[in-house]
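The values are calculated or read from the model by the stated rules, or taken from the named source; none is laboratory data. These numbers were taken from a predicted model, which means no experiment stands behind them. Reconstructed Cβ throughout: ideal geometry from the backbone, glycine too, with neighbour counts over all protein chains shown. Side chains are part of the model used for accessible areas, which takes the heavy atoms of the whole protein and leaves out ligands, DNA and RNA. Shrake-Rupley method; radii C 1.70, N 1.55, O 1.52, S 1.80 Å.
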Amino acid sequence: MILPNVFITYKMTAMTDKLNIKEILQFYLESGVNETCGSTPFCLSPLTSDFRQTRPAASSLALSASSAMQNADNICAQASSIEELKKIVENFDGCSLKNTAANTVMGDGNPEAEIMFIGEAPGAEEDLSGRAFVGRSGRLLDKMMAAIGLDRSQVYICNILPWRPPGNRSPSDAEIAVCLPFLRKQIEIVAPRYILALGAVAANSLLNIGDTMSKLRSHWFDYNFAADKTAKVLATYHPAYLLRTPSQKSKSWADFLRFAKEISQNN
């Protein structure tokens, strides 16, 4: 999100009744403002403590997220294919992330594959193209898949969220909760036998746990997506993390080998 160069003015009266500059800038950052352009100042009217009181209470936000999640569950039940689900998600208005995203990014690859890769959320390039994992992270993922004999014709790749969070910030628990029905429906339609969760956010959201990646790695989990259908889940580092921390690539490579071995032994 881009706004003109920000120049903030307000009257310095009774500091306890005003938001300070640091708080205002923090508000912009949390709202996804990460760039400036132009030279025209953008001035804010004086902000009082009433500003905070106009924000919904935590209980109201939780109730709203719960209602949106229930709505997402209900409308997902109507989909019997990935294409039908994509249209449903594109028309869904229960998540504010849609308002700041350029595109709704659903899965990529083979929707009939036995193997699924799940990431966290679309990045900038994915948001612009409307395709999952096509940026630097996606190119690294393609290379890692190729190293164990896989390509996009053999896997289905998607994210926990179908919309990019502003500024690539971490998604909130409420945003994840609202979007989980879309992921669960994708899993139900694709019916994979094996899932590789890319990153702790993806793994914890999918499995409804709260562990660090060091605890998640090297352990197989079961994910039940139907009465008689279960996928085996393994977690590893997200490719974006590996680009920032190349020293962890050897651990992720070990995870990919473990994943490939499990597939080969059971096929």
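Counting only protein heavy atoms and using a 1.4 Å probe, the accessible area of Val201 comes to about 50 Å².
Taking the Cα centre of the stretch 94-210 as reference, the dipole from Cβ charges on Lys and Arg (+1) and Asp and Glu (-1) amounts to some 120 debye. The order of Lys261, Lys229, Lys98 by accessible area, most exposed first and with a 1.4 Å probe, is Lys261, Lys229, Lys98. Do the alpha carbons of any pairs in Lys185/Lys232; Lys86/Lys229; Lys98/Lys215 sit beyond 25 Å of each other, and which pairs? Table pairs above 25 Å Cα-Cα are Lys98/Lys215. Taking Cα centre as origin and charging only the Cβ of basic (Lys, Arg, +1) and acidic (Asp, Glu, -1) residues, the dipole magnitude of the stretch 127-267 rounds to 420 debye. Of Tyr156, Tyr237, the residue with the largest accessible area leads and the full order is Tyr237, Tyr156 (1.4 Å probe). When the inverse distances between all different Cα atoms of the stretch 70-179 are averaged and flipped, the Kirkwood radius reads 14.5 angstrom. Projected onto planes of every orientation and averaged, the convex hull of the alpha-carbon atoms in the stretch 97-145 covers 3.6 nm². Pairs of Cα atoms in the stretch 151-267 fall into 10 Å distance bins, from 0 up to the last occupied one, in shares of 12, 44, 37, 7, 0 percent. About the centre of its Cα atoms, the stretch 100-149 shows a dipole size close to 200 debye [charges on the beta carbon of Lys, Arg (+1) and Asp, Glu (-1) only; nearest 20 debye]. For Lys251, the aspartates and glutamates whose Cα comes closer than 19 Å to its Cα, not counting residues fewer than 8 places off in the same chain, are Asp142, Asp211, Glu262.
Among Asp93, Asp255, the order of accessible area from largest down is Asp93, Asp255, computed with a 1.4 Å probe on protein heavy atoms. Using a probe of 1.4 Å on the protein chains alone, the accessible area found for Arg217 is around 40 Å². Start at zero, step by 5 Å, and the Cα-Cα distances of the stretch 88-244 spread as 2, 9, 20, 24, 23, 16, 6, 1, 0 percent across the bins.
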